[in-house]
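The values are calculated or read from the model by the stated rules, or taken from the named source; none is laboratory data. Predicted model only: the values in this text are computed from it and were never measured. Positions of Cβ are generated from backbone atoms using ideal geometry, with glycine treated the same way; all protein chains shown enter the neighbour counts. All accessible areas refer to the heavy atoms of the entire protein, side chains included, with ligands and DNA or RNA removed. Shrake-Rupley method; radii C 1.70, N 1.55, O 1.52, S 1.80 Å.
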Amino acid sequence: MPTSSEQISERYAALKDEVGTGVTVVVATKYLSVDELQVLADAGVDVVGENRAQDLEAKHARYGEAFRWHFIGHLQSRKAKTVNAICELCHSLDSESAAAKLTIPALVEVNLSGEPTKSGVAPEELGSFLELYDDVRGLMTMPAATTDPETSRPAFRRLRELAAEHGLTMLSMGTSQDYRVAVEEGATHIRVGSSIFGDRRPQ
């Protein structure tokens, strides 16, 4: 991670300028420690996305109103209470049990890759799933991992089509590897990490 908030700030500002005012840049903090979030706060990052409820609690306890908090990881129903208390938006609703306990605006995660290891509602089951929750604002997807951003385009386009079919407006799609393609296909939220602070995944 770059050591200075100035470096983070420059990258963050450049990315926001690139994608435009209609796209919310959610900075993914999965691989950042509690202490490292201070650099993001100093750099003026305003929206962060966390994958784990326990990390969300710890980071929010330290930084509170410094950020707007989104939940972007797999949502377990037993963790919904934590997400409800802290976050303004959940990007990853995909189970009936979680829908029964979530109380904040949500995006439904759709599994467009067909990979059994990925979370998400199957596209053909989306209509019936949407009946389970009153405050769905849009859809989210995680395409298959790829080194070619264009490979993600069909999934992003299909997500946009599904949202339109169901009268939904928010689209959370695109990460550091393919956010440009996602924005071209109508993303309203992108979830980025390495493009802001470098690759922090465990080696």
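The table below lists the values:
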item	result
All positions within the stretch 166-181 that are closer than 13 Å to residue 146 by Cβ and hydrophobic (A, V, I, L, M, F, W, C)	181
Among residues of the stretch 28-55, those that are over 13 Å from residue 91 (Cβ atoms) and not in a loop (DSSP other than H, G, I, E, B), counted	9
Test result for residue 198, open to solvent by 50 Å² or more (accessible area, probe 1.4 Å) and either under 25 Å from residue 69 (Cα atoms) or free of Cβ contacts under 8 Å to residues at least 12 places away in the same chain (or both)	no
Identity of the residue in the stretch 165-175, in contact with a Ser or Thr (Cβ under 9 Å, 6 or more places away or on another chain), open to solvent by 30 Å² or more (accessible area, probe 1.4 Å) and not in a strand (DSSP E or B), that ends up nearest to residue 88 (Cα to Cα)	169
Residue in the stretch 133-142 that is more than 21 Å from residue 74 (Cα to Cα), open to solvent by 60 Å² or more (accessible area, probe 1.4 Å) and without any contact (Cβ under 8 Å) to a residue 24 or more places away in the chain present	no
Breaking point among (1) under 18 Å from residue 179 (Cα atoms); (2) part of a strand (DSSP E or B); (3) basic (Lys, Arg), for residue 153	(2)
